[in-house]
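Comments concern the structure below.
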């Protein structure tokens, strides 16, 4: 990961601080080994913002449209800081017990069964709060004392947890999609916020070269042009965001790798995600133009 | 097929064609003068792409200007076809290396054109320009690697001139083309230009696959679409209003220098032939609301008549801008569904009955706690309905089409989310303030197109009438008032004495409106302002009238988020 950061041109002072952090907090939990992330996040500026905030002890809120790499970046950060990560997916029915823990009965006794947030906070991990704005404010209020200067958690009947110094929270947030809502101000103020930009050509080129190195230059550039066209059409209001799906694109390339035609694979990954016929035809036209038929 | 469906079907085909051009040009603000279709009416991917590249490379405005110039002549359609054929050659040469598929698309395009299996209609054959067809056919044969088939030396020479070179810029291409016209048509180019002979050649050879589109509404903003223009309009309207005031006596006693109420009512009924209430109910409401500041006023509740000119104008505008408005409907519906979904939620609490919670079962045994079930909490907010109240005064005339479309967008989005919606407009004519029901709760949304801006706006009285009309529904209504916060009426406020001294405008009218709004709130209504104004927006005034429940709309893109935030705020207050 260090090599990757250096290749990205991350400021040496940040890399030095990162190394110092890792030396100060070696990871010792054998039950939760550190796993190298499947994808790497490309974007020097974003990396530097994220590293700076986390090294300063801040929590991060990553805001962006779907498939802009929020979870990829969060996992990358956990890995490069050398900490285990706990992933909590938020939903509208989330409550405090699901995050922090609840009573259970074990060995003839009522015991506290810690939730993922509790475990992460006690072990100094990186807690990824995915789609944080899906949950209700009542549930999120349980996190307040951990996210601000207090860095504590009081569990009724079980005392107080003082958070491990290495613990960090990285929240991710989509905005404007089904089921999402505004994050309340009290919660938002406890994070340093980074707005992840939509994918650009350079980033896509790096990603495809790394993940699908077998693609010819022409196909790679055509696929990138296709995605950029989709993005532009969405920004101009010609199509919805459904087909502007980087995950879908990467999935399609994986299917193509298995031997299916590229056009068919991209139809599965992008075109068929749209159910409005008019919109689907516009996207199909784009596919016919950039990729052609199989 | 209904007019709306035809418009939609044509619209979607045209939208595809435009998207093809925009993709190639990389410019979504471009308003192309031409789009290309295949014989079956579907958009021509190859040629629209070529056009897009050409527009992007040579400059859309300059290119279209020249093509329009060529079009203004006896041989206009043929010359335009020829120029495009020449551009096709140059553009293809320049672009094919950059695009994987262009060669295949070109081949398919040529094959499609040469395909004799299509049974060309008699109409197509009659309209097809033989010269254009010969030249196009020659090009397609060459694309297929065959001899171009031209035997006529004149045609051969002409065709040679259509190998435009990719290195040439537009002025050079134009110059060469002009020389070619002169040589082969033995005419001075300037003589070809005949003003007033603009014609559409649909289906003539290449022309069947080239079809001019009507200029988009946003091409070249008219004065009324710029802020300066709107301000000038508003000033002009205000001047007209002032003139009218000067001409008419501002006596407020009926019967002195003014028409009788009955005569006025007859005139109102002539404008609004369909009433929404019986006469006795109308009088009942009038007695309730025409008191105090409005004691010399009258009221009328109108329904919507058959589709008149306003309907056609408003609906025509919507069809023209359909893509934009449909996008907003989708966004707004989506946002409203979010809000409703989150508010309803399935929050549950521990209880002594309900659905057994396996994770709590042990508490029953160990702690003797019977609350080992989960019970969903009752819905936390009450079902509500939405009322759109539109200022229908003449000051909104220039925005009539847009306001009716916005109201349609809101009502249609609400309908999709199952929120009952009523749409009304109000205006004041003479001493009558008319509340027109454009869409009752149970009616469909099409009546909204009847919205017509006329008269003055005595807002305070209109709100009072609304309160009476809604009756018991008032307490579970979220009322959106689409307003510019400029109530005014030629009939002033009655004062002590014979002659009215106070105009119903500015502070006096605002105070009266504020009182009416407070009255509705006391009855349980929730009010929100959707403010669009041509004069500088006054946040303090908005807060005075609507508290925190208002949005100031400066562009259509703000509409869906604004409405969702107001609905969200309303729901949150209830929870």
Subject >> Looking only at region B:38-57, and only at residues there that are more than 11 Å from chain A (Cβ to nearest Cβ) and surrounded by fewer than 21 Cβ atoms within 10 Å (Cβ to Cβ), the one that is nearest to residue B:170 (Cα to Cα) >> reply: B:57
Original post:
Among the candidates B:465, B:448, B:479, which residue alone is part of a strand (DSSP E or B) and in contact with a helix residue (DSSP H, G or I) (Cβ under 8 Å, 6 or more places away or on another chain)?
Top reply: B:479
Original post:
Can you tell me which residue in region B:519-544 is surrounded by the fewest Cβ atoms within 10 Å (Cβ to Cβ), limited to those that are touching a strand residue (DSSP E or B) at 6+ places or on another chain (Cβ under 7 Å) and assigned to a helix (DSSP H, G or I)?
Top reply: B:521
**OP:** Find the helices (runs of 4 or more DSSP H) located wholly in region A:177-294 whose residues include 1 or more that are buried (at least 19 other Cβ atoms within 10 Å of the Cβ), away from chain B (no Cβ under 14 Å) and touching a residue at least 60 places away in the same chain (Cβ under 8 Å), and list them.
**Re:** A:201-211, A:246-257
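One line per residue, one yes/no per condition, for (1) buried (at least 20 other Cβ atoms within 10 Å of the Cβ); (2) within 30 Å of residue B:263 (Cα to Cα); (3) away from every other protein chain (no Cβ under 13 Å); (4) in contact with a helix residue (DSSP H, G or I) (Cβ under 6 Å, 6 or more places away or on another chain):
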residue: B:286; (1), (2), (3), (4): yes, yes, yes, no
residue: B:292; (1), (2), (3), (4): no, yes, yes, no
residue: B:303; (1), (2), (3), (4): no, yes, yes, no
residue: B:319; (1), (2), (3), (4): no, no, yes, yes
residue: B:335; (1), (2), (3), (4): yes, no, no, yes
Subject >> Qualifying residue in region A:148-156 (condition: outside any loop (DSSP other than H, G, I, E, B) and at pLDDT 95 or above) >> reply: no
Original post:
Got a sec? Which of B:516, B:477 is touching a strand residue (DSSP E or B) at 6+ places or on another chain (Cβ under 6 Å) and surrounded by 15 or more Cβ atoms within 10 Å (Cβ to Cβ)?
Top reply: B:477
Original post:
Is there a residue in region B:318-340 that is assigned to a loop (DSSP other than H, G, I, E, B) and in the same structural domain as residue B:446 (by TED's automatic domain parsing)?
Top reply: yes
**OP:** Within region A:23-60, work out how many residues are in a helix (DSSP H, G or I), out of contact with any helix residue (DSSP H, G or I) (no Cβ under 8 Å at 6 or more places or on another chain) and either at pLDDT below 95 or exposed (fewer than 11 other Cβ atoms within 10 Å of the Cβ) (or both).
**Re:** 3
**OP:** Check A:113, A:160 and return the single one that is surrounded by fewer than 19 Cβ atoms within 10 Å (Cβ to Cβ), away from chain B (no Cβ under 14 Å) and either modelled with pLDDT of 85 or more or over 23 Å from residue B:357 (Cα atoms) (or both).
**Re:** A:160
Subject >> Residue within region B:400-420 that is closer than 26 Å to residue B:492 by Cα, surrounded by fewer than 24 Cβ atoms within 10 Å (Cβ to Cβ) and in contact (Cβ under 8 Å) with a residue 12 or more places away in the chain present >> reply: yes
**OP:** Return the only residue of B:559, B:566 being part of a helix (DSSP H, G or I) and touching a helix residue (DSSP H, G or I) at 6+ places or on another chain (Cβ under 8 Å).
**Re:** B:559
Original post:
Regarding residue B:308, is this residue modelled with pLDDT of 85 or more, surrounded by 11 or more Cβ atoms within 10 Å (Cβ to Cβ) and over 13 Å from residue B:432 (Cα atoms)?
Top reply: no
**OP:** Determine whether region B:530-552 contains at least one residue that is in contact with a helix residue (DSSP H, G or I) (Cβ under 8 Å, 6 or more places away or on another chain) and modelled with pLDDT under 85.
**Re:** yes
**OP:** Determine which member of the set A:142, A:97, A:121 is assigned to a helix (DSSP H, G or I), more than 14 Å from every other protein chain (Cβ to nearest Cβ) and more than 21 Å from the chain's Cα centre (by Cα).
**Re:** A:142
Subject >> Residue under evaluation residue B:380, criteria (1) in a loop (DSSP other than H, G, I, E, B); (2) under 30 Å from residue B:474 (Cβ atoms); (3) modelled with pLDDT of 85 or more, criterion not met >> reply: (3)
Original post:
Do the conditions hold for residue A:166, that is, is it in a loop (DSSP other than H, G, I, E, B), buried (at least 17 other Cβ atoms within 10 Å of the Cβ) and either more than 14 Å from chain B (Cβ to nearest Cβ) or under 17 Å from the mean Cα position of the chain (by Cα) (or both)?
Top reply: yes
Original post:
Do you know which residues across region B:281-305 are within 18 Å of residue B:407 (Cβ to Cβ), at pLDDT 90 or above and not in a strand (DSSP E or B)?
Top reply: B:303
Original post:
Only one of (1) at pLDDT below 90; (2) out of contact with any strand residue (DSSP E or B) (no Cβ under 8 Å at 6 or more places or on another chain); (3) farther than 30 Å from residue B:372 by Cα fails for residue A:64. Which number is that?
Top reply: (2)
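Condition check ((1) outside any loop (DSSP other than H, G, I, E, B); (2) more than 30 Å from residue B:299 (Cβ to Cβ); (3) away from every other protein chain (no Cβ under 14 Å)) across all residues:
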{"residue": "B:364", "(1), (2), (3)": "yes, yes, no"}
{"residue": "B:371", "(1), (2), (3)": "no, yes, no"}
{"residue": "B:405", "(1), (2), (3)": "yes, no, yes"}
{"residue": "B:419", "(1), (2), (3)": "no, no, yes"}
{"residue": "B:422", "(1), (2), (3)": "yes, no, yes"}
{"residue": "B:443", "(1), (2), (3)": "no, no, yes"}
Subject >> Filter pass, residue B:26 being over 19 Å from residue B:133 (Cα atoms), within 13 Å of chain A (Cβ to nearest Cβ), modelled with pLDDT of 90 or more and surrounded by fewer than 23 Cβ atoms within 10 Å (Cβ to Cβ) >> reply: yes
**OP:** Among the residues of region B:547-557, write down those that are buried (at least 16 other Cβ atoms within 10 Å of the Cβ) and within 14 Å of chain A (Cβ to nearest Cβ).
**Re:** B:556
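The values are calculated or read from the model by the stated rules, or taken from the named source; none is laboratory data. Because the structure is predicted, anything quoted here is derived from the model rather than measured. Neighbour counts are summed over all protein chains in view; Cβ atoms, including those assigned to glycine, are modelled from backbone coordinates with ideal geometry.
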